[in-house]
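Beneath this line is the structure, given in structure tokens, with notes to follow.
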Amino acid sequence: MRKTIARRVGVSLAAVTVLVGVTSCRDGSDKAAGAEPKSGTLAATQALTAAYKKTAAAKSAKVTMTMSVPATMADGGETKMSGVMGWDPFVMDVTMSEKQAGEPAGGAEKTHMIWVDNAVYMDMGERPVEFDGKKWGKFDLGAAAEQSGDAALMKQMTAGLEDMNQDPAQQLAMLLNSPDVKHLGAGEVDGRRAEHYKGSLTAEEGLKSNNSVKALKPEERKALLANIKKAGIKGYDYDVWVNGDDYPVKMNVDIKTPQGTVHTTATYSDYGTKASVQAPPANDTVDLLKTLKELTTQRK
């Protein structure tokens, strides 16, 4: 049972990794608000700005996302999610699954996950005794940073909680921050015509456009950039497809590393769909960080 619990916790934390890591390089609010684009990108920038404004106003959509990590990396495998999300404020109610590299087909374990009020909740499934028989485990993002004892991490997480999401409006804003955004022509997504746009950001540009990093001191930002480069990450490539209604219907993000490319693809539909996401009942929820810490202490 403990192995199953650990796996469910792993799936939930993998979800946080997907949502935080993939979106660590975007802001774009200045350009979305009408800053002047570089020569040669005017048409693409105007189209994406229109899409950004309409998507931001929609405030919700259905989403399906897949993140593939090369088997050569420590966390190699595939993470998937599907459900509904809302933004301003950010909420999410999805089903997550994670399949580790090398696992046979059908080996992925599914977990119901809710993100609301800057906290992630996951369905424990078995109501384990170790968690007082409660159904839901809560992972408070700000508390996680504080309990880590890392002041820089705490500042980054708490300052950037509003940025730690995968909403399509902010992804468009990110693309508008790219110095080389361009229109690649028309294509199809799920059988419907969509315009394809592409852009890229270096590691330096990514940090510059990340609001949460602005909470760090200059030396802390320098150390963070050094760690990114040490990992071999030079930059990020983005592809976005926008339909005739000015909504993004597909987004890809590629992060190239020495061990291979981490690829994330997300598709969106039903913009404006109701996203009434609520936290699970408090009396059926256990603090995941606190409980895991207590269990670890008991084993010593």
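The values are calculated or read from the model by the stated rules, or taken from the named source; none is laboratory data. It should be emphasised that the depicted structure is a prediction, and the values quoted were computed from it without experimental measurement. Backbone-built Cβ (ideal geometry, glycine too); neighbour counts: all protein chains shown.
Within segment 239-293, the residues that satisfy the criterion of being acidic (Asp, Glu) and under 23 Å from residue 180 (Cβ atoms) are 239, 246, 254.
Look at segment 114-138 and say how many of its residues are out of contact with any helix residue (DSSP H, G or I) (no Cβ under 9 Å at 6 or more places or on another chain) and either under 12 Å from residue 92 (Cβ atoms) or hydroxyl-bearing (Ser, Thr, Tyr) (or both). Residues that pass the stated criteria total 3. When 84, 69 are checked against the criterion of being crowded, with 17+ Cβ neighbours inside 10 Å, out of contact with any Ser or Thr (no Cβ under 6 Å at 6 or more places or on another chain), at pLDDT 85 or above and under 27 Å from residue 251 (Cβ atoms), 84 stands alone in meeting it. Taking each residue of segment 257-274 that is over 9 Å from residue 70 (Cβ atoms) and touching a residue at least 60 places away in the same chain (Cβ under 8 Å) and looking for partners that are aromatic (Phe, Trp, Tyr) and outside any strand (DSSP E or B) with beta-carbon atoms closer than 6 Å, six or more apart or interchain, yields 271/247. Can we say residue 54 is modelled with pLDDT of 80 or more, more than 17 Å from the chain's Cα centre (by Cα), in a helix (DSSP H, G or I) and on the phi < 0 side of the Ramachandran plot? Judged against the criteria, residue 54 is a match. Close Cβ contacts (under 6 Å, 6 or more residues apart or on different chains) running from residues in segment 178-199 that are over 16 Å from residue 268 (Cα atoms) to residues that are small (Gly, Ala, Ser) and assigned to a loop (DSSP other than H, G, I, E, B) comprise 199/178. Has segment 239-254 got any residue that is farther than 26 Å from residue 58 by Cβ and in contact (Cβ under 8 Å) with a residue 24 or more places away in the chain? Looking for residues that are farther than 26 Å from residue 58 by Cβ and in contact (Cβ under 8 Å) with a residue 24 or more places away in the chain, one finds none in segment 239-254, hence no.
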